[in-house]
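What follows is a single structure, written as structure tokens, with notes after it.
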Amino acid sequence: MAAETGTPTTLTLKSNDDELFSVAESAAILSVTIRNMVEDGCAGGVIPLDNVDGKTLASVITYMNGISAIPADEEKKKSYRDKFLSDKDFETLADMVLAANYLNMSCLMDAVSAKIAQVMEKKSVGWVRRKFGIENDYTPEEEAAVKEEHKWTFEGVETDDDN
Amino acid sequence: MDTLLCDELVQEIFNRLPPPSTPAVSLVCKRWRRLLRSSTTSLSLHFPPPYNPTTITSFSTFLTHHPYLSSLSLAGGAAEDPLIAAASSCPNLRRLRFWGTPITPSSLHTLSGYCIHLSSIAISISRPLSFNNWLPYFTSLKSLSIFITNSYTETNHNNNSEVKDSIFDHMGLSLESLSLCGILPGDYELSFLWNNCKKIKKLQFKSCESVGDYSSFSSFLKSLKDLQELELRTCRSIVDVILLKLAETCVSMESLLIYDGGSREGLLQFINRSKCRLKRLDVRLPLDLNNAHMLALSENLNFSGLACLRLQSCCLVTGEGLRSLGRTIANGLDELSLINCDVVERESGLLTSLGQILKRLRKLDLSYNHTLLDKELVSMLASCNNLVELKLRGCNRLTKTTLSSLVRSCKQLQFLDIMYCSRIEVEAVEWFLLNSPPLRRLEVEQSKLSEGAVKRASSKFIEIVS
């Protein structure tokens, strides 16, 4: 690592649609995948990221820069993540969860999964199938059986022993 | 895209869904149903009658599809069948609650064979009580909560003297937490517990009129070396026995809770004689706790490390007692609750002096003091510069004046509850949100939130609880 020279090292990342991005090494190593490359000394030239497109990579880099500018304060970092994800649509979130997984960025991964869950929570089964591109593979009988099982899931709040 | 997201990613998302909407996920497709089931570790189920081979089989099948289930809460059972069906399908259960019909010893014995890893059980049992034919078979059990349901039948009374000695009577159970509800005089069979539980750390009694056999119970208390927490709720007739015994022998207890039913004299003796270094005292004793107890608490140096003092509806306590106790525990007290205690409203200047004495206070709860006035609270807050949490729920007389003093004096305040404070209005809430930098959670009615307040809360990531 060339971090000791004083000038911040910059890495060049390449998306799968051949866009190039410059990012400070200190921000990029939030990705364990990139950090491993840096540590192995194979981050000298252009780093190709075959599973991430340019639009998603641009977002991820915005996140890397934003979050690494915040000092060690978990509350503030959480606030930043919430704000960063607040205006993302479902498709972008889905791309980001894949990118976060590929880049091995656990903090982004957690935040995006939670955001997707939050969006899904209020939607119908039909909406979820459409958004995820899933075909309904249940027969009407099987679907009825699943609904029958739902009668057992108890929605009441568990009674605590307090008071 | 579904095929793009691998199983682990889909499960990551499922794990973050709030429990009520999780089951719907299995309706999406078969793959999702499989993924949901194999990522589920905890279920709360309701299995209503009819119970016949068909319904029971489909219930069991449903449960066997959850291979990693470790916690199950089952409600509404009018018979034992659902419990046994559940148990036989979930060999990995660690935690089981069954709210329904009392379970017979023989069913419990069966259960212990199916779920050998159970560490926590909450169940109802009925008289005649027996423990030795099932409890020892749960070898991993740490926490037991028992609700004793039915009333006495004649035969029980006649059997009182015949508690048979069996090989299990002195075997040492590894239970650490024991909670009992509904003990009546004559429940001598409990001596099995008293004789065999030596490792209890947390002991709870709820609506108990007796402890069964007093002699084995007092040796039980005497032998408890690790008792840390005791809770007595609505147990007037046994409070004395327990406290006096503990005052003599116990040194380890850190937390004591007594609600609704105490004994003035017993409590006083406990306070005078106890060698426990209590950290937490939580009492709701409108008729039993008075000034003498407060003074006694301040005189017994073992209590000088008290970190949390909670008094609810203790209307006999006066300012003299509170001030005197406050001076003794000022260095350690972190949390003070005076909920619905009319001394707060009755004695002008009390809060001011408590504020001056208790400079280290971080959490304060003055809820349901309906006639508490701004000027009393404001002059207390002026000294409480370390407050992190403040609850003022249901304090009807407080106004915007209180909020502005909070902004001035309590610069570290993160949690505030002003629910049902009818004189704190929309505009005051908005002003407070705009002016209180470190706030993280505000509890207030939805109707008191202006558009500006909502916007501010969301931009500053302040959680609003309505």
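With r defined as the distance between the Cβ atoms of A:SER79 and A:ASN104 and R0 fixed at 25 Å, what FRET efficiency is calculated, to the nearest 0.05? Efficiency computed from Cβ-Cβ geometry: 0.60. Projecting the Cα atoms of B:ASN150, B:LEU289, B:CYS395 onto the charge dipole of chain B (Cβ charges, centred on the Cα centre) puts B:CYS395 farthest toward the positive pole. DSSP assigns beta bridges within the protein assembly as shown; of those with both partners inside it, close to 10 percent run antiparallel.
Each label point was placed 7 Å from the Cα along the Cα-to-Cβ direction; for B:ASP282 and B:SER58 their separation is 4.3 nm.
Taking a ≥ b ≥ c as the square roots of the Cα gyration tensor eigenvalues, with a/c under 1.5 meaning rounded and otherwise prolate when a/b beats b/c, else oblate, which class fits the stretch B:184-229? Because a/c hits 1.5 or more and a/b fails to exceed b/c, the stretch B:184-229 counts as oblate.
Working from the Cα coordinates of the protein assembly as shown, the gyration tensor eigenvalues give, after taking √(5λ), semi-axes of 49, 39, 23 Å in decreasing order. Phi-derived couplings, Karplus 6.51 cos²θ - 1.76 cosθ + 1.60 at θ = phi - 60°, listed residue by residue for the stretch A:131-141: 5, 8, x, 9, 8, 6, 9, 8, 7, x, 5 Hz, with x used for Gly and Pro. Across the stretch A:11-29, the residues whose backbone nitrogen lies under 20 Å from the label position 7 Å along the beta-carbon direction of A:ALA58 are A:11-24, A:28.
Only Lys, Arg, Asp and Glu count, each charged at its Cβ (+1, +1, -1, -1), so figure out the dipole size of the stretch B:334-466 about its Cα centre, rounded to 20 debye.
420 debye
Each of B:ILE464, B:GLY355, B:HIS109 was placed along the dipole of the protein assembly as shown (beta-carbon charges, centred on the mean Cα), and the one lying farthest toward the positive end is B:GLY355. With a Förster radius of 22 Å applied to the beta-carbon distance between B:ASN435 and B:GLU347, the computed FRET efficiency rounds to 0.10.
Extension gain for B:ARG31-B:ASN386 works out to 122.5 nm (0.36 nm per residue, less the C-alpha to C-alpha distance). Here the peptides B:115-122, A:93-100, A:136-143, B:13-20 are ranked by packing, the mean other Cβ count within 10 Å, and the order with the highest first is A:93-100, B:115-122, B:13-20, A:136-143.
Considering the dipole of chain B built from charges on the beta carbon (Lys and Arg +1, Asp and Glu -1) around the Cα centre, which of B:VAL251, B:GLY100, B:ILE56 is farthest to its positive end? Farthest towards the positive end: B:VAL251. Given axes a ≥ b ≥ c from the Cα gyration tensor, I'd like to know whether the stretch B:68-115 is rounded (a/c under 1.5), prolate (a/b larger than b/c) or oblate. Oblate shape, in that a/c is at least 1.5 and b/c is the bigger or equal ratio.
Computed about its Cα centre, the charge dipole of chain A is approximately 700 debye, with only Lys, Arg, Asp and Glu carrying charge at their Cβ. Peptide B:142-148 has a mean of 0 when you count, residue by residue, the C-beta atoms of other protein chains within 10 Å of its C-beta.
Cβ-Cβ distance of B:ASN331 and B:GLU425, R₀ of 30 Å, FRET efficiency by 1/(1 + (r/R0)^6): the value works out to about 0.15. Would you mind classifying chain B by shape? Square roots of the alpha carbon gyration tensor eigenvalues, ordered a ≥ b ≥ c; an a/c under 1.5 is rounded, otherwise it is prolate if a/b is larger than b/c and oblate if not. Since a/c reaches 1.5 but b/c is at least a/b, the shape of chain B is classed as oblate. Approximating the spin labels as points 7 Å out from Cα along Cα→Cβ, the A:ARG130-to-B:SER126 distance works out to 5.4 nm. Computed about the Cα centre, the dipole magnitude for the protein assembly as shown is approximately 1460 debye when only Lys and Arg (+1) and Asp and Glu (-1) carry charge, each at its Cβ.
A short reminder: the numbers here are calculations on the coordinates, not readings from a lab. As the structure is a computational prediction, the values presented were derived from the model and not from experiment. Neighbour counts run over all protein chains shown; Cβ positions are idealised from the backbone, glycine included.
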